[in-house]
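One structure is given below, encoded as C-alpha cells.
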Amino acid sequence: MGKKPFVTKEQIEEIVKQYPTPFHIYDEKGMRENAKALKEAFAWNPGFKEYFAVKATPNPYLINILREYGCGCDCSSYTELMLSEAMGVKGEDIMFSSNETPAEEYEYANRIGAIINLDDITHINFLEKIVGKLPETISCRYNPGGVFKISTDIMDNPGDAKYGMTTEQIFEAFRILKEKGVKKFGIHSFLASNTVTNEYYPTLAKQLFELAVELKKKTGVEIAFINLSGGIGIPYRPEQEKNDIYVIGEGVRKAFEEVLVPEGMGDVSIYTELGRYMMAPYGHLVTRAIHEKHTHKEYIGCDACAVNLMRPAMYGAYHHITVLGKEEDECNKVYDVVGSLCENNDKFAIDRKLPQIDKGDYLVIHDTGAHGYAMGYNYNGKLKSAELLLKEDGSVELIRRAETPKDYFATFDNLDIYGKFKF
Ligand SMILES: *Cc1c(COP(=O)(O)O)cnc(C)c1O
C-alpha cells in the first residue's frame, strides 16, 4: 500500500546535471527482485518460461537483465523480431504472438526459428504458402468469446476482442495442423488485461488446461505448452493491493495437478508473456514543473507531455504522482497536471490532490516502466525522451538517448527537401 518513488530529490538533482528532464528512469534492483520472484513462483513447472512482451518496454539493456532470469522474448512485429535477434535471442526463446500478420513477418519469424502463435485459422494456409513446410511446433491463440468472469466479477470482454480462434476453430485448426505434419502444439490465450487479483491466472489456467485435455482427446495431438500470456496487472492506485506472484504460481499449480496430471499431461510446460507485471512499477517518468496557471482551474504545466506517456490521454489511466522533496507534505491543493500538446487530453492528472507545487519542482509519474516510453509518438513535433537505468550500485547509465530534431526529420533523408533543412 502507498507509493514511494525509487529515487529521491537529491538523486534527481544530480542526474539532471547530465540528463535534462523529461526522462524515463528504470530501477534495476526492483526489476531483478521481481523477475527472480516470478521464476521462483513457477519453479514447480520444469518447462516454465516467461517470454517478456517486448512491446511493453523495447529496450535491449532492460531485456538483457530479464534474460538473466531465463526470460525469452514475445514479439509481435518485424522490428521486435529484429531487436530480439540482434540481442542474440534465438529459436524457441522467441514467441511470435502477432495478429493480422504481414507475410514478411511470418517469413522472418520462421527463418529465425521463433515459435509461431497463430491468431486465426485462416493463417494456417497463409503461413504454409509463405514458408512451404510448416514448423514442427505451432501455437494457436484461443478466444472463448463471451465475458471473462472470476466468480461473479466481469474482468474483461473477450467476445469483443479481435484476437484468437473460437472453440470450434481451434479444434479444427489442430486437426489440420496435425495432418500437415506439425508435431508439437501450444495453446495461447489472453482474456483480461491489467488484472489486480491473484485469481486471474489460476482461473484462466484451469480453463485452458480443460481445453488442452479435450484437444488431446479429440485430435490426438501432443500439447507441449500452455501460454497464459500477459494480463497480470499492477496497483497503479495507492489504495490497491499488489498481486502476490507466489499465490498466483501456487494457484496455477493446483489447477495443473487437478486437471492435467490425472490425464497423464504432467509434462506440459507453462509459458507466460508478461509485460506490465515485469516492468511497469520499475519505471518513472521524471518531469519538471515549468508553469503554473490559475484560470478556471489550477494547472501545473510540466516539461513532459502525452508523447512521453500516452496512457492517461488514451485510456484515462491513473498514474500516481509524487512531488519530489514534498513526499510528507499535506495534499491540500487540487491540480490538473498537464503537458504542452495542443490537445486538451494531454493531462497526466485531473483534479488531483497534491502538495503545493512550485515552479522548478520535480514530479515523479509512477509506473511508467511498461507501455510508457514504448507508446510514445511525435505529435506536435515533440521528441521522445531519453531512457536511463538506475543501477543497483546507485549509478546511472544512459540506455537510450533523447531524440533530436535530426531524428524527427530523418525520414525526409532521401528526398530533395532534406538538404534544405539545417539542424
Ligand atoms: C500486450 C501483450 C502481452 C503483454 O501484456 P501485459 O498486459 O503487458 O502483461 C502479452 N502477449 C500479447 C500477445 C500481447 O499482445
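Tabulated data
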read-out	value
Selected residue [at pLDDT 95 or above, under 29 Å from TYR200 (Cβ atoms) and aliphatic (A, V, I, L, M)] from MET165, MET155	MET165
Tabulated pairs, the range 270-292, first under 17 Å from PHE348 (Cα atoms), second within 12 Å of the ligand (Cβ to nearest atom) and of a type in the set (Ser, Thr, Tyr), C-beta under 8 angstrom, 6+ apart or interchain	GLY283/THR57
Cross-chain or 6+ apart pairs with Cβ under 7 Å, the range 360-386 first and within 16 Å of VAL338 (Cα to Cα), then modelled with pLDDT under 95	HIS366/LYS3
Any hit, the range 144-152, residues being more than 14 Å from the ligand (Cβ to nearest atom), open to solvent by 20 Å² or more (accessible area, probe 1.4 Å), polar (S, T, N, Q) and over 19 Å from the mean Cα position of the chain (by Cα)	yes
Pick from the range 357-381, criterion more than 23 Å from the chain's Cα centre (by Cα) and surrounded by 14 or more Cβ atoms within 10 Å (Cβ to Cβ), ranking: nearest to MET314 (Cα to Cα)	ASN380
Boolean, LEU204 is assigned by TED's automatic domain parsing to the domain that holds ASN34, more than 30 Å from LYS3 (Cβ to Cβ), open to solvent by less than 10 Å² (accessible area, probe 1.4 Å) and part of a helix (DSSP H, G or I)	no
Filtered residues of the range 384-415 (kept if within 21 Å of ALA280 (Cβ to Cβ) and in a loop (DSSP other than H, G, I, E, B))	LYS384, SER385, LYS391, GLU392
Residue, surrounded by the fewest Cβ atoms within 10 Å (Cβ to Cβ), within the range 153-198, restricted to residues that are in a loop (DSSP other than H, G, I, E, B) and more than 16 Å from the ligand (Cβ to nearest atom)	GLY181
The range 244-274, residues that are farther than 16 Å from LEU228 by Cα and either touching a Leu at 6+ places or on another chain (Cβ under 8 Å) or open to solvent by less than 70 Å² (accessible area, probe 1.4 Å) (or both)	ASP244, VAL261, GLY264, MET265, GLY266
Any hit, the range 104-114, residues being crowded, with 19+ Cβ neighbours inside 10 Å, out of contact with any strand residue (DSSP E or B) (no Cβ under 8 Å at 6 or more places or on another chain) and closer than 24 Å to ARG175 by Cα	no
Tally of residues being closer than 28 Å to ILE357 by Cβ, touching a Gly at 6+ places or on another chain (Cβ under 8 Å) and open to solvent by 10 Å² or more (accessible area, probe 1.4 Å) across the range 277-299	7
Subset tally (residues that are of a type outside the set (Gly, Ala, Ser), within 29 Å of the chain's Cα centre (by Cα) and open to solvent by 20 Å² or more (accessible area, probe 1.4 Å)) for the range 314-353	15
Of the criteria (1) open to solvent by less than 10 Å² (accessible area, probe 1.4 Å); (2) assigned by TED's automatic domain parsing to the domain that holds TYR362, which one VAL16 fails	(1)
Flag for ILE130 being part of a helix (DSSP H, G or I) and under 28 Å from LYS206 (Cβ atoms)	no
Residue that is at pLDDT 95 or above, over 18 Å from the mean Cα position of the chain (by Cα) and open to solvent by less than 30 Å² (accessible area, probe 1.4 Å), where the choices are ASN59, ASN34, ASN45	ASN45
Where LYS29 falls short, out of the listed (1) in contact with a strand residue (DSSP E or B) (Cβ under 6 Å, 6 or more places away or on another chain); (2) open to solvent by 70 Å² or more (accessible area, probe 1.4 Å)	(1)
Residue count for the range 276-317, restricted to those that are more than 21 Å from ILE12 (Cα to Cα), more than 16 Å from the ligand (Cβ to nearest atom) and not acidic (Asp, Glu)	11
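The values are calculated or read from the model by the stated rules, or taken from the named source; none is laboratory data. In this text the structure is predicted, and so the values were computed from the model without any measurement. Cβ sites come from the backbone with ideal geometry, for glycine too, and all protein chains shown count toward neighbours. Areas reflect the complete protein model, heavy atoms only, side chains present, ligands, DNA and RNA absent. Shrake-Rupley method; radii C 1.70, N 1.55, O 1.52, S 1.80 Å.
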